[in-house]
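So the structure is just underneath, and the comments pick up after that.
The values are calculated or read from the model by the stated rules, or taken from the named source; none is laboratory data. For clarity, every value in this text was computed on a predicted model and none was experimentally measured. Here the Cβ positions follow ideal geometry from the backbone for every residue, glycine too, while neighbour counts run over all protein chains shown.
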Amino acid sequence: MKTAVVVFCILFLQILLFAQNNKQDIGFKVDSLSQEVLRLSEELRQIKQEKSDKEIEELRKAAKEEVQVGEKKEALTQKTFQEGARSLQELNPEISISTDMLANYQTESPHYSAESRSGFKLRVVEFMFQSNLDPFSSAKIIVEAGHEGVGVGEAYVTWINLLNRLNLTAGKFRQQFGVINRWHGHALDQTFFPLPITLYMGEEGLNQVGLSFNWLMPRLFASANELTLQITNSENDKLFGGEDYSLPSGLVHFKNFYGINPSTYLEVGLTGLAGTNDDIGFTFARSHTWTYMGGADLTLVWEPVDRARYRGLTWRSEFYYLYRDLGSSPDIEAIGGYSYLDYRLSRQFIIGARVDIAQPPELNNDEMYLWQVVPYITFWQSEFVYMRLQWNHLEGKNIDERDNQIFVQIDWSLGPHKHEKY
């Protein structure tokens, strides 16, 4: 009996152990099947999503193509009416107007003369038309209206980079004798041109009709070198034969630019001019009489980096030598020059002073000369408007010439080009 009980207990224990092992195996298999079901479900979801996205993209593409086809059909069938008058504005030139007005008081008694008197004067109204004609050339026309009437100040066309670094200008233009002869009156740093220019070239300077070649040379001994050759009519009546010109005059200007540092640069130039001063016309039967004039210019400019609109100093000087062959009479020789300092106090105020000295272009002028001191202050209200207070003190040696005048200059400009130097 005892033996049977023991055997029964052993069998019962084995059955329990077997059942426990089977239960663990079944649980493991259930877990594995669950994970496999989850994996298959995720793959099925991704497949359905990709199929849906592809179908949506195909529908969008088909709709877009349908819209484009519809627009093309509509464009082909629809009539379009266009009016091109507005586009013609692109052909209009840039127009600028500069006005120069003076008020002066002549302190020397009597307070007027044949050349000057106290009072107000609208010196000039300048109309400038400028445009690019095509990709190869540009043009500028300046019409001046003053108390002496209306005339053409400049009118020229310029071919840019006609050859490598070579520009060609044709027409009427202010010539490149020195530096400031090229400028217009309203763009000067002072109210009037210096004495040597007015005495040797006239009140308006050297301005003639012809051709001008400007060549930016390969770098030689300076930071940049520039050569200008101008061939023009000899029509300046201060230098040449006036209206009865025949042979052209020639001018050569050689400019050298030196960059000293980021805030300072130096320009040095040499100029030579030659032309006939008789009115006999071109002939081989008689020799012509000639006028020669040489010049040297120097400009030193300091403009601090990032402060050029508020501080700056310019020192500019020019020297002139004039020789006129009068044929049977003694020849005329005269020398002259000017120098000025121009200092920018702030964005709006500039002060300066200029000194001129020149021999008159007359016979027997060895002991004769004129000198002039010109202090001034300029207020730039904006780039369009400026006002200047200037005093001119003129005296002469062996010349009965003495003059003191106070000027108030008011200049205003309309349009894109304002009071430009060129």
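Of the residues that sit in the stretch 356-409 and are polar (S, T, N, Q) and under 30 Å from Asp331 (Cβ atoms), which one is surrounded by the fewest Cβ atoms within 10 Å (Cβ to Cβ)? Please lay out each step first, then the result.
Filtering the stretch 356-409 down to residues polar (S, T, N, Q) leaves 359, 364-365, 372, 378, 381-382, 390, 392, 398, 404-405, 409.
Filter again for under 30 Å from Asp331 (Cβ atoms), leaving 359, 364-365, 372, 398.
Details: Gln359: 24, Asn364: 8, Asn365: 16, Gln372: 20, Asn398: 11.
Within the stretch 356-409, the match that is surrounded by the fewest Cβ atoms within 10 Å (Cβ to Cβ) is Asn364.
Taking each residue of the stretch 318-330 that is within 15 Å of Asp278 (Cα to Cα) and looking for partners that are part of a loop (DSSP other than H, G, I, E, B) and of a type in the set (Ser, Thr, Tyr) with beta-carbon atoms closer than 7 Å, six or more apart or interchain, yields Asp325/Thr289; Leu326/Thr289; Gly327/Thr289.
From Glu235, Glu226, which residue is assigned to a loop (DSSP other than H, G, I, E, B), surrounded by 15 or more Cβ atoms within 10 Å (Cβ to Cβ) and charged (D, E, K, R)?
Values: Glu226 fails: assigned to a loop (DSSP other than H, G, I, E, B).
Exactly one residue qualifies, and that residue is Glu235.
Quick check on this structure: which one of Glu58, Glu90 is surrounded by 10 or more Cβ atoms within 10 Å (Cβ to Cβ) and either within 30 Å of Phe129 (Cα to Cα) or at pLDDT 75 or above (or both)? Result: Glu58 is the single residue among Glu58, Glu90 that is surrounded by 10 or more Cβ atoms within 10 Å (Cβ to Cβ) and either within 30 Å of Phe129 (Cα to Cα) or at pLDDT 75 or above (or both). Only one entry in Gly146, Gly205 is free of Cβ contacts under 8 Å to residues at least 60 places away in the same chain and either touching an Asp or Glu at 6+ places or on another chain (Cβ under 8 Å) or surrounded by 17 or more Cβ atoms within 10 Å (Cβ to Cβ) (or both), namely Gly205.
Do we have any residue at all in the stretch 248-259 that's touching a residue at least 60 places away in the same chain (Cβ under 8 Å), aliphatic (A, V, I, L, M) and either crowded, with 16+ Cβ neighbours inside 10 Å or not in a strand (DSSP E or B) (or both)?
Going through the stretch 248-259, the residues touching a residue at least 60 places away in the same chain (Cβ under 8 Å) turn out to be 251, 253.
Then drop every residue that is not aliphatic (A, V, I, L, M), which leaves 251.
Adding the requirement that they be either crowded, with 16+ Cβ neighbours inside 10 Å or not in a strand (DSSP E or B) (or both) leaves 251.
Yes, some residue in the stretch 248-259 is touching a residue at least 60 places away in the same chain (Cβ under 8 Å), aliphatic (A, V, I, L, M) and either crowded, with 16+ Cβ neighbours inside 10 Å or not in a strand (DSSP E or B) (or both).
For (1) surrounded by 10 or more Cβ atoms within 10 Å (Cβ to Cβ); (2) over 30 Å from Glu148 (Cα atoms); (3) modelled with pLDDT under 75, each residue gets a yes or a no:
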position: Lys51; (1), (2), (3): yes, yes, yes
position: Lys64; (1), (2), (3): yes, yes, no
position: Lys73; (1), (2), (3): yes, yes, yes
position: Ser96; (1), (2), (3): yes, no, no
position: Asn104; (1), (2), (3): yes, no, no
position: Thr107; (1), (2), (3): yes, no, no
position: Arg123; (1), (2), (3): yes, no, no
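Of the residues making up the stretch 299-312, those that are surrounded by fewer than 16 Cβ atoms within 10 Å (Cβ to Cβ), of a type outside the set (Ser, Thr, Tyr) and without any contact (Cβ under 8 Å) to a residue 40 or more places away in the chain are Asp306, Arg307, Ala308, Arg309, Arg311.
Of all the numbered requirements in (1) among the β-branched types (Val, Ile, Thr); (2) within 28 Å of Pro218 (Cβ to Cβ); (3) at pLDDT below 95, Thr289 misses one, and that requirement is (2). One residue is enough: does the stretch 361-377 have a residue meeting the conditions in contact with a Pro (Cβ under 7 Å, 6 or more places away or on another chain) and under 21 Å from Glu318 (Cα atoms)? Yes: one or more hits. Restricting to the stretch 160-177, and then to whatever is part of a loop (DSSP other than H, G, I, E, B) and modelled with pLDDT under 95, can you tell me which residue is nearest to the chain's Cα centre (by Cα)? The selected residue is Arg165. Scanning the stretch 384-415 for residues that are at pLDDT below 90 and within 23 Å of the chain's Cα centre (by Cα) yields a single hit, Gly415.
Just a yes or no: is a residue in the stretch 194-208 over 30 Å from Val408 (Cβ atoms) and either part of a helix (DSSP H, G or I) or of a type outside the set (D, E, K, R) (or both)? Yes - at least one qualifying residue is present in the stretch 194-208. Checking Ile335, Ile350 one by one, the residue that is aliphatic (A, V, I, L, M), more than 24 Å from Ser98 (Cα to Cα) and at pLDDT 95 or above is Ile335 and no other.
Sub-7 Å Cβ pairs linking a first residue in the stretch 332-349 that is farther than 12 Å from Leu199 by Cβ to a second residue that is surrounded by 14 or more Cβ atoms within 10 Å (Cβ to Cβ) and polar (S, T, N, Q), at least 6 apart or interchain, are Ser339/Ser317; Asp342/Thr314, ordered by first then second residue.
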